[in-house]
Each structure stands twice: as C-alpha cells, then as structure tokens.
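Right, one structure below, let's go through it.
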Amino acid sequence: MINNITHQITDLIAKLKGKQNIWILSGAGISAPSGIPTYRDHSGQWKAGNPIQHNDFIQQEASRQRYWARSMVGFPTTHLASPNAAHQAITQLQQHGLLSQITTQNVDRLHSAAGAEDVIDLHGRLDQVVCLSCKIVSKREDYQPRLIKLNPSLTEYAAKLLPDGDAEVDDFDMSQIRIPPCESCGGVIMPDVVFFGGTVPKPRVETAFRTLEKADCLLVVGSSLTVYSGFRFPRWANKNKIPVYAINQGEMRGSELFDLILEDSCEKALPKITNELTAI
Ligand SMILES: [Zn+2]
C-alpha cells in the first residue's frame, strides 16, 4: 500500500510538472485535519444525523431553532480552526503562479485564512450571515453574542458538553431557542451558506466555469464529489479533454472521469507535491 502511494505521488508530480493553470476543487477532506467535522465518512455514509435542508430552514421555525442551537454551540470550534499544511501548500502553488483558480465546496474560509486569493466559495461562507428580507450581510461572530444573550439556558447546557458533543445538543428542548432577528429590518437571519437542497448562485458557477475553460488540468482535493454542485466541474473537464486528477481517501463519485486518483491524505501528500513543483 505504501509503495503504491509513493508510486502514485511520483506519477501525479510528473503529470502536474510544467502545468501553470491548475484548477483546484477542494472539499471537506482538506479541512478534516483542522478539526472541521465532515458530513460523510470514507465510504460515503452520513455521519451524525442528516444536515439541514434549505426548504426546512426557510419554512420552519423549529428547523431554524435546531440549526442555531447547534451552530451556537459549535461556533467556537469552527471559528477558531486554523488552516493546515494542505491549505498552505495550495497557497504556495498559487503564489508561484501555478494555479488558475481555487474553488472550494467548504464554507470554513480556511483557504483564505492560509493566504490564498480570489477563492470561489461555492457553497458560501460560515463567517457571514445574511438577512432573508433585506439581504444585508454581517459577520457571524457579531451574531454569536446576540444568540448567547437570548439563550442563557442553552449557554449553560453547552458549557457542560464536550467540545465535540454536537449531537448531544439535540437533547436540549429546542422550542426554547430564541433567534435574534435582523437588526435593520427584523427579518429572518440565515448563515451565508448554501444548504443541501439550496442553489449555488449562478454568477458564482459562471465565474468558476470561465476560469475552468482556461485550465490545463483539474485537481480535486479531499472530496468524494457526492454533491452535484462540485461534481459538474470534473465532469465538464473530462468531456472537454482537460485531464482530471484527485487526492482523496475513500470512494469517489465518477471515478471513471479521473486520469489519476492519489489515495492519500491531502495534508501529507500536498506539501510533498508542492515542494517538487515549486523547486527551482
Ligand atoms: Zn434585514
């Protein structure tokens, strides 16, 4: 297995060498070593309950209560997460002028925290909230004290949970949760992210495709591509004779589209690959 991985890394380096318009698509696997929980495990099964659905959030107060209760408790973990060696390696590739675009399915902003520029946050960003009525965007960190202030009993309950006790929040009586409204218009506040069942804004997808058209290869990093919004890019690339590679552990959707899949952790493999590609 180890020999196999070494062989795959050498192979991938050879394929990437000389390319100056590498188009990166990253997913949850790149942020897992930073402590960001992933929705699916290596075999593609759901972990710890289904994530929230877009229509439920829009239509049901109870769904919003459940979301904000979990979000309030989980916020410190995601807010304090730092980029890891894989994010840093990708930034290094960008600074060496080897990338045409970084597109991420993650909402954690860790590419940007690692110094990457012009990142397309396909599914939005968790560091912002948006009002569904007046569309005003504000910082998620400014919303946290408002949530805490309105929900002292949850604050007390959460203090007793372990840092990874996300699922146990569900034992709390959610009907007690009070959700702070928009400060400008009193409207419903939503995280600035695309939930499952929601739609990625069209201009964002168009920008991504515009850059992909000029790419000389596509590299998937830490994604099983189970979600269509990400899957369409490798599928389009493959159709248009742009080679598609991946660094990902576990099963992948559409593996026949790939010219090479390196089954290693992004955090281990990417720094090695970057060192080779940026060596003078
Ligand atoms: Zn508003």
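Values computed for the structure shown
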read-out	value
Residue satisfying all of: in the stretch 125-143; in contact with a helix residue (DSSP H, G or I) (Cβ under 9 Å, 6 or more places away or on another chain) and either surrounded by fewer than 16 Cβ atoms within 10 Å (Cβ to Cβ) or hydrophobic (A, V, I, L, M, F, W, C) (or both); nearest to ARG70 (Cα to Cα) among these	LEU126
Those residues of the stretch 182-205 which are over 17 Å from TYR67 (Cα atoms) and either within 16 Å of the ligand (Cβ to nearest atom) or not hydrophobic (A, V, I, L, M, F, W, C) (or both), in sequence order	GLU183, SER184, CYS185, GLY186, THR199, PRO201, LYS202, PRO203, ARG204
Positions within the stretch 240-253 being surrounded by fewer than 16 Cβ atoms within 10 Å (Cβ to Cβ) and within 20 Å of the chain's Cα centre (by Cα), in sequence order	GLY250, GLU251
Some residue of the stretch 119-131 being farther than 18 Å from GLY222 by Cβ, in contact with a Cys (Cβ under 7 Å, 6 or more places away or on another chain) and not aromatic (Phe, Trp, Tyr)	yes
Entirely in the stretch 48-98, the helices (runs of 4 or more DSSP H) that have 2 or more residues that are modelled with pLDDT under 95 and within 14 Å of VAL169 (Cα to Cα)	61-79
Where a residue in the stretch 226-250 is within 17 Å of ILE30 (Cβ to Cβ) and its partner, wherever it lies, is of a type in the set (Val, Ile, Thr) and assigned to a loop (DSSP other than H, G, I, E, B), with Cβ under 6 Å and at least six apart	SER229/VAL200
The stretch 208-227 - residue that is over 18 Å from the mean Cα position of the chain (by Cα) and assigned to a helix (DSSP H, G or I) and, of those, surrounded by the most Cβ atoms within 10 Å (Cβ to Cβ)	LEU212
Count of residues meeting criterion [within 16 Å of the ligand (Cβ to nearest atom), under 20 Å from PHE75 (Cβ atoms) and among the basic types (Lys, Arg)] in the stretch 115-141	2
Checking GLU156 against (1) among the acidic types (Asp, Glu); (2) exposed (fewer than 12 other Cβ atoms within 10 Å of the Cβ); (3) closer than 30 Å to GLN88 by Cα; (4) away from the ligand (no atom under 15 Å from the Cβ), the condition it does not meet	(3)
Failed item in (1) within 21 Å of the chain's Cα centre (by Cα); (2) outside the structural domain of LYS19 (by TED's automatic domain parsing); (3) not acidic (Asp, Glu), with THR103 passing the rest	(2)
Qualifying position, being touching a strand residue (DSSP E or B) at 6+ places or on another chain (Cβ under 8 Å) and not β-branched (Val, Ile, Thr), among LEU225, LEU262	LEU262
Subset of the stretch 99-109 [among the hydroxyl-bearing types (Ser, Thr, Tyr) and either part of a loop (DSSP other than H, G, I, E, B) or closer than 20 Å to PHE195 by Cα (or both)]	THR103, THR104
Qualifying residue in the stretch 117-126 (condition: more than 30 Å from SER184 (Cβ to Cβ) and either touching a Phe, Trp or Tyr at 6+ places or on another chain (Cβ under 9 Å) or outside the structural domain of GLY186 (by TED's automatic domain parsing) (or both))	yes
Residue selected from the stretch 194-207 under the condition in contact with a Pro (Cβ under 9 Å, 6 or more places away or on another chain) and surrounded by 18 or more Cβ atoms within 10 Å (Cβ to Cβ), by the criterion modelled with the lowest pLDDT	PHE195
Exclusive hit being modelled with pLDDT under 90 and β-branched (Val, Ile, Thr), set VAL227, VAL188	VAL227
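Per-residue answers, yes or no, for (1) assigned by TED's automatic domain parsing to the domain that holds LYS272; (2) within 16 Å of the ligand (Cβ to nearest atom); (3) modelled with pLDDT under 95:
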residue	(1), (2), (3)
SER112	yes, no, no
LEU150	no, no, no
GLY165	no, no, yes
VAL169	no, no, yes
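The values are calculated or read from the model by the stated rules, or taken from the named source; none is laboratory data. The structure presented is a predicted model; accordingly, all values stated were derived computationally and were not measured. Here Cβ is always computed from backbone atoms with ideal geometry, including for glycine, and neighbour counts include all displayed protein chains.
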